[in-house]
Amino acid sequence: MHNSLKMRKLFYIFAFFFITGTYQSSMAQCKLRDLKSAYLEKIKPYEFEGISAGIIFAGETTTISVSVFRNQKYRLFFHSEGFDGPVSVKVMTRNRFVLFTNKDDPSLDRYTFVPKKSEDYFVEFSTPSSANEDARGCVAVVLCARGY
């Protein structure tokens, strides 16, 4: 598959998540346009590929899928806000092999890698519990790439 066709496919996947994420919540802290603007400077020298976000309740876990292509250098940025403590992040392959975790250092907010094959990776966010049972916040994955 041509790189431009791959990128177009990736764009449509993220457009779907953008529409879904925007529809699911009107909470200010999870507006994808604002998140994208906030990350455009942070991602350099990488190029912005897409963003996927959602609102989840405190004390819950959610997974966001990210499609990657072999021999492309990627950097994933992890964003979370609105929680009463650090959010745990794991990046896993389809068969649940853990490639990255911020368990030992919750301040880690990015993961850089070159996949050996094209596949879907899964980013799992586990949020801390809260005394307020209605507490919720935003989690997001910003996907950036640098071609070879």
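What follows draws every value from the coordinates through simple rules; no lab data is involved. Only a predicted model underlies this, so the values are computations on that prediction, with no experimental measurement involved. Cβ placement follows ideal geometry from the backbone for every residue including glycine, while neighbour counts extend to all protein chains displayed.
Just a few scattered comments:
- Scanning the range 58-80 for residues being surrounded by fewer than 16 Cβ atoms within 10 Å (Cβ to Cβ), closer than 29 Å to residue 133 by Cα and either in contact with a strand residue (DSSP E or B) (Cβ under 6 Å, 6 or more places away or on another chain) or free of Cβ contacts under 8 Å to residues at least 60 places away in the same chain (or both) gives a total of 4.
- Residues (polar (S, T, N, Q) and in contact with a Phe, Trp or Tyr (Cβ under 9 Å, 6 or more places away or on another chain)) located in the range 82-100: 88, 93
- Under the condition of being in a loop (DSSP other than H, G, I, E, B) and β-branched (Val, Ile, Thr), the residues counted in the range 85-114 number 3.
- Residue 117 meets each of the listed conditions (1) surrounded by 13 or more Cβ atoms within 10 Å (Cβ to Cβ); (2) in a loop (DSSP other than H, G, I, E, B); (3) not acidic (Asp, Glu) apart from (1).
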